[in-house]
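Structure, as structure tokens:
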Amino acid sequence: MQKAPFITSYLTEHTADDAFATLAGYRAHGGYEAARRALTQMSPEQVVELLKDAGLQGRGGAGFSTGMKWSFMPKDSDKPKYLVCNADESEPGSFKDRLLLERAPHQMLEGILIGAFATGADKTFVYVRGEYAHPANVLQRALDECYAAGIFGANCLGTDLRHDVVVTRGAGAYICGEETGLLESLEGKKGQPRKKPPFPAQFGAFGMPTTVNNVETFSHVPHVVAKGADWFRGFGTEKSPGTTIFGVSGHVKRPGLYELPLGTRLDEIVFEHAGGPPDGRKVKGVIPGGMSMPILPASQLDVPMANEFLRERKTMLGTGGVMVMHDATCMVRVGCIITYFFRDESCGQCTQCREGTGWLHKIMQRIERGAGSPADLDLLLDVASKMEGQTICAFADAAAWPVQGLLRHFREDFEEHVKQGKCPFPESFEL
Ligand SMILES: Cc1cc2nc3c(=O)[nH]c(=O)nc-3n(C[C@H](O)[C@H](O)[C@H](O)COP(=O)(O)O)c2cc1C
Ligand code: SF4
């Protein structure tokens with residue numbers, strides 16, 4: 001397996017002053033040469049095939065093939081076509097896109113330019129999370145530099161391609177990261193997800209064919225074009241090629257972002273890279289991919305971090321946000337926080353989601369207070385099961401899965417609350 005990091009190499013190989021954040025800094029390290037190569041030496045179809053061969057999968061959570069998604073854009077439509085770069089990053093435990101925006105905006109913009117060429121898109125909207133004021137400013141500065149240098153606009157890199165990029169800002173709603181909630185918000189409406197089909201490639205932003213990709217996904221693209229599919233496949237596993245950025249938070253000595261090959265074992269990430277829990281504590285559980293992914297107990301950290309392995313343990317890679325909890329942690333309190341978040345962020349369109357998230361939180365709090373009954377544990381699972389696969393978007397599943405994971409692996413914590421009539425973890429974090 002080849003050595004990572006790659007898309008974050010600017011952090012390890014270059015000082016902050018030498019940052020990729022400026023066009024001069026990025027160009028000094030070969031920036032925009034991959035886009036030049038794609039635009040002048042390849043056809044759009046060849047770029048799409050290259051991405052398919054490389055096996056790059058979306059890094060926004062769902063893991064869909066990027067080349068495949070790009071191939072869905074209609075070729076014979078005379079309507080304007082759009083790309084959307086999803087920089088909403090609101091999944092608790094996920095903070096990789098912020099770094100990419102702040103430290104390497106040109107890398108992502110170059111990926112967008114290649115994507116625009118491959119899909120025939122006229123314009124890209126970069127939808128930045130409302131709270132990300134600084135990253136949005138850095139990105140706008142980088143974009144201004146691009147326009148001044150003729151990278152975007154009427155003749156991108158001196159070719160016939162015309163492509164414009166617009167930076168737009170969200171207003172702080174998690175659901176606007178879901179691609180169709182994002183499209184509604186982009187159009188100035190309430191960020192409520194759309195029923196699918198039609199999918200964005202047919203009916204996207206302002207009703208036009210649209211492709212939505214994550215910040216990290218676009219950031220990988222220039223490297224695939226520059227170095228080829230075999231190089232990319234030299235990282236990761238056969239089914240999940242490449243590297244990704246794992247964001248490690250919680251009870252570890254060295255929280256932070258680690259770019260590693262997909263398939264790196266979770267225990268290696270937690271103990272070797274992030275240093276394990278401080279103060280001689282032991283790990284109790286780890287959420288492997290952002291808050292909507294089911295937790296794993298300490299006994300199951302020997303899993304390679306790729307969906308084909310994580311699925312066997314009933315969880316998924318999600319956004320690669322690794323959240324570590326030590327042995328003093330009360331898992332019912334963890335459940336209270338998770339269900340509170342989803343209750344607050346539901347857009348309210350679907351009854352199962354609007355009511356279900358409220359019920360999950362109410363029952364979780366009752367158990368934490370010591371007022372729960374043994375039947376409440378099964379009631380939690382019953383409510384969660386009725387939310388799964390029933391709704392307009394995957395938010396309701398994302399709210400149900402963590403509750404199921406907590407009860408699958410930490411049922412004893414819940415039973416002790418009911419038995420003792422109080423929280424049995426006095427050293428746990430406060431609610
Ligand atoms: C509730 C919810 C929130 C999401 N939030 C984000 C987000 O903040 N950023 C993101 O890139 N994708 C998010 N997604 C996934 C997007 O819908 C979409 O799959 C992704 O942007 C596609 O890009 P990719 O193929 O490059 O991963 C979210 C999905 C759901 C269901
Ligand atoms: S599942 Fe929830 S967040 Fe998604 S559309 Fe329905 S109510 Fe809104």
Using all alpha carbons of the chain, what is the percent of pairwise distances in each 20 Å bin, ordered from the shortest bin to the longest?
26, 56, 17, 1
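Rounded, prolate or oblate: which fits region 373-431 when a ≥ b ≥ c are the square roots of the eigenvalues of the alpha-carbon gyration tensor, with rounded for a/c under 1.5 and prolate only if a/b beats b/c? Can you show the working numbers first?
Values: a/c = 3.04, a/b = 1.90, b/c = 1.59.
Prolate shape, in that a/c is at least 1.5 and a/b is the bigger ratio.
Expressed in nm to one decimal, what extension gain is obtained for the pair E187 and Q46 from 0.36 nm per residue of sequence separation less their Cα-Cα distance? List each step's numbers first, then the result.
Working: separation 141, 0.36 × 141 = 50.76 nm, distance 3.24 nm.
This chain segment gains 47.5 nm when fully extended.
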For region 62-148, evaluate the Debye formula with one uniform point scatterer on each Cα (no solvent term) and list log10 I(q)/I(0) at q = 0.11, 0.19 Å⁻¹, rounded to two decimals.
-0.34, -0.95
Dipole in debye (nearest 20) - the chain, about Cα centre, beta carbon charges: Lys, Arg +1; Asp, Glu -1
440 debye
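Kindly identify region 9-233 as rounded, prolate or oblate by the Cα gyration tensor criterion: order the square roots of the eigenvalues as a ≥ b ≥ c, call it rounded if a/c is under 1.5, otherwise compare a/b with b/c, prolate if a/b is larger, else oblate.
Numbers: a/c = 1.43, a/b = 1.12, b/c = 1.27.
Since a/c stays below 1.5, the shape of region 9-233 is classed as rounded.
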Compute a Gaussian network model of the chain, connecting alpha carbons closer than 10 Å, and tell me which residue from V418, V215, V126 fluctuates the most.
V418
Zone reached by a paramagnetic label modelled 7 Å from Y340 Cα along Cα→Cβ, restricted to region 269-300 with backbone N below 17 Å, covers 291-292
Length gained if D378 through K362 is fully extended, taking 0.36 nm per residue and subtracting the Cα-Cα distance, is 4.3 nm
With angles folded into 0 to 90 degrees, how steeply does helix 105-119 sit against the dominant principal axis of the chain? Use alpha carbons for both and round to 10.
70 degrees
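Rounded, prolate or oblate, given the Cα gyration tensor of region 164-291, with a/c below 1.5 counting as rounded? Don't skip to the end; give the middle numbers.
Working: a/c = 2.68, a/b = 1.54, b/c = 1.74.
Because a/c hits 1.5 or more and a/b fails to exceed b/c, region 164-291 counts as oblate.
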Considering the zone a paramagnetic label at T351 would reach in this model (a point 7 Å from Cα along the Cα-to-Cβ line), which residues of region 398-425 have amide N under 12 Å from it?
none
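Taking the Cα centre of region 243-326 as origin and charging only Cβ (+1 Lys, Arg; -1 Asp, Glu), how large is the dipole, in debye to the nearest 20?
With Lys and Arg at +1 and Asp and Glu at -1, about 280 debye.
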Using a Gaussian network for the chain with springs between C-alpha atoms less than 10 Å apart, which of these wobbles most: L139, L161, L260?
L161
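For K419 and F72, what does the FRET efficiency come to when R0 = 51 Å and r is the distance between their Cβ atoms, rounded to the nearest 0.05? Kindly include the intermediate steps, with their values, before the conclusion.
Values: r = 53 Å, r/R0 = 1.05.
With a Förster radius of 51 Å, E is 0.45.
In percent, how large is the relative contact order of region 243-326, given Cα pairs closer than 8 Å and 6 or more residues apart? Can you show the working numbers first?
Working: 186 pairs, mean separation 30.5, N = 84.
It comes to 36 percent, rounded to a whole number.
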Report, in deg cm²/dmol and to the nearest 500, the calculated mean residue ellipticity at 222 nm for the chain, where each DSSP H run with n ≥ 4 adds -39500 (n - 2.57) and the sum is divided by the residue count.
-12500 deg cm²/dmol
Taking the full set of protein chains and a 1.4 angstrom probe, give the accessible area of K284 in square angstrom, rounded to the nearest 10.
30 Å²
Among F309, V334, F20, whose Cα lies farthest out toward the positive end of the dipole of the chain, if unit charges sit on the beta carbon of Lys, Arg (+1) and Asp, Glu (-1)?
V334
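Compare W359, W231, W70, W401 by solvent-accessible area with a 1.4 Å probe and give them largest first, with all protein chains kept in place.
Details: W359 115, W231 45, W70 5, W401 65 Å².
Largest to smallest exposure gives the sequence W359, W401, W231, W70.
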Would you calculate the separation in nanometres between label points at N137 and R408, each defined as 7 Å from the Cα along the Cα-to-beta-carbon direction?
4.3 nm
For T168, other-chain or 5+-apart residues with amide H closer than 5 Å (H placed, Pro excluded) are V126, Y127, V128
Residue of D397, D230, D267 that the Gaussian network model of the chain assigns the largest fluctuation, springs spanning Cα pairs under 10 Å
D230
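The values are calculated or read from the model by the stated rules, or taken from the named source; none is laboratory data. Predicted, not measured: the structure shown is a model, and the values here were computed from it. For neighbour counting, all protein chains shown are included, and Cβ atoms are generated from backbone atoms with ideal geometry for every residue, glycine included. Accessible surface is based on the protein model in full, side chains and every heavy atom, while ligands, DNA and RNA are left aside. Shrake-Rupley method; radii C 1.70, N 1.55, O 1.52, S 1.80 Å.
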